[in-house]
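Values in this text are rule-based calculations from the coordinates and carry no lab data. Being a predicted model, the structure only gives us computed values, none of them experimental. Here the Cβ positions follow ideal geometry from the backbone for every residue, glycine too, while neighbour counts run over all protein chains shown.
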Ligand code: EPZ
């Protein structure tokens, strides 16, 4: 077991480079099994979710060769066996093996996926999509068995613009007989990255990034290459660090268009940022204006940045409101921010945040991945020492976070408990 120890109130200068997007990579890795032949995925982030997926690919006897951020995957010797509960529950994205193995082998057996406890996280939209394509879904306790004599094209309208369901249906529909249209599809940019990978394999998909995606099924998919796009949530997290403590802090390797909603809010608050080549330079300002934030599906303000953003709101001079509309339990960080001295009234998924509240270091716990990120931001600005427990959540989604922050002057380290 380990903990993160932070000594707060140090200005941060220098450059933080952004890695590949977790929420792209966790779909691209399973997707490689759709191909007959070797796939190469570049810019894969060094996060524990990646390792959990590698364990599942190896469990299925998939070939993986890792060379730093470049991964080669080949499904030539794949055994489509049951994916154990132990493997399925290690992360939410294990559900992508459903769409991939159903699409390629017309059969998959695995358990309900895991993931951070930010809500009930049902997969009904995924399963309804698979049934529309002709699959039979059998549920035995937490185990799912999906079978299809054949998969055929379908017209599918998602009740909610679910990222995972959109991607999973794309996977299965790529090798179905006929054309599938997904209406009310999620528009997150990671879906474009996945469409590009599948099309590089010979799939015929259009419309990713819009709310209507058309997939013309093909017989087979061949090996292909793809590069993981920059992680807009990692980028947003460090941009918020720069807003809080930047002294010419540069966040580089970003696609600024992917964070438009965040920059719009930072501008309203009076945050000092300047775009340079493929990055942004941030400088802390003394007076920040309060602002109201409501998380929405893309291109709205991303739910994954709501928790880190709430820390910046504690430093604004006035009353801000934060409302989480995607997940019903993405509030685990608030009690710890309050313990540190923040003045926050929480009602369900809505929070009223009274600033400017000086924070004091203390002992706190990460309750989920992005709550953990928020607590790191809080520790960086708090007076004194902050100790964060349950840090495995954080290491799932932030590549080399201790190194990246120490490199720009943060006094932060991991210690054994
Ligand atoms: C992806 O989760 C991301 N995870 C999440 O990031 C992100 O918060 C979310 O998209 C929204 O952007 C990965 O990509 C691995 P959804 P996903 O399906 O696909 C409901 C992080 O911090 N829903 O878009 O699971 C669901 O309950 C993680 O990196 C159903 O009701 O999200 C939720 O309320 C956290 N039935 C909403 O839709 C379903 O079948 C959004 O879910 C599926 C989803």
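Values computed for the structure shown
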| read-out | value |
| --- | --- |
| Added length on full extension, which subtracts the Cα-Cα distance from 0.36 nm per residue, residue 5 to residue 155 | 48.8 nm |
| Computed helical MRE - 222 nm, the chain, DSSP H runs ≥ 4 contributing -39500 (n - 2.57), nearest 500 | -9000 deg cm²/dmol |
| Neighbour-count ranking [beta-carbon atoms within 10 angstrom, fewest first] of 218, 293, 285, 276 | 276, 285, 218, 293 |
| Rounded tilt (10° steps) of 190-200 against the dominant C-alpha axis of the chain | 30 |
| Cα gyration tensor category, rounded, prolate or oblate, for the range 22-227 with a/c compared to 1.5 | rounded |
| Antiparallel DSSP beta bridges within the chain, as percent of all bridges there, nearest 5 | 75 |
| Separation between Cα centres of the range 183-259 and the range 321-350, rounded to whole Å | 28 |
| Rounded, prolate or oblate (a/c below 1.5 giving rounded, otherwise prolate when a/b exceeds b/c) for the range 366-417 by Cα gyration tensor | rounded |
| Isotropically averaged projected area of the chain, using the convex hull of Cα atoms (one quarter of hull area), nm² | 18.2 |
| Protection proxy ranking, peptides 105-111, 345-351, average beta carbon neighbours within 10 Å, highest first | 105-111, 345-351 |
| In nm, spacing of pseudo-spin labels at residue 325 and residue 392 (7 Å Cα→C-beta vector) | 3.5 |
| The range 150-238: antiparallel DSSP beta bridges as a percent of all, rounded to 5 | 60 |
| Helix axis angle, 96-105 relative to the chain longest principal axis, alpha carbon, degrees | 10 |
| For 121, 396, 90, order by how many other beta-carbon atoms lie within 10 Å, fewest first | 121, 90, 396 |
| Segment residue 406-residue 260, length gained on full extension (0.36 nm per residue, minus Cα span) | 49.8 nm |
| Tilt relative to the chain, helix 260-269 - C-alpha long axis, 0 to 90 degrees, to 10 | 10 |
| Exposure proxy ranking, count of Cβ atoms within 10 Å, fewest first, for 28, 395 | 395, 28 |
| Gain upon complete extension [residue 415, residue 345; 0.36 nm per residue less C-alpha separation] | 21.9 nm |
| Fraction of beta bridges assigned by DSSP in the range 22-227 that are antiparallel (%, nearest 5) | 75 |
| Relative packing of 299-308, 45-54, which averages over residues the other C-beta atoms within 10 Å, highest first | 299-308, 45-54 |
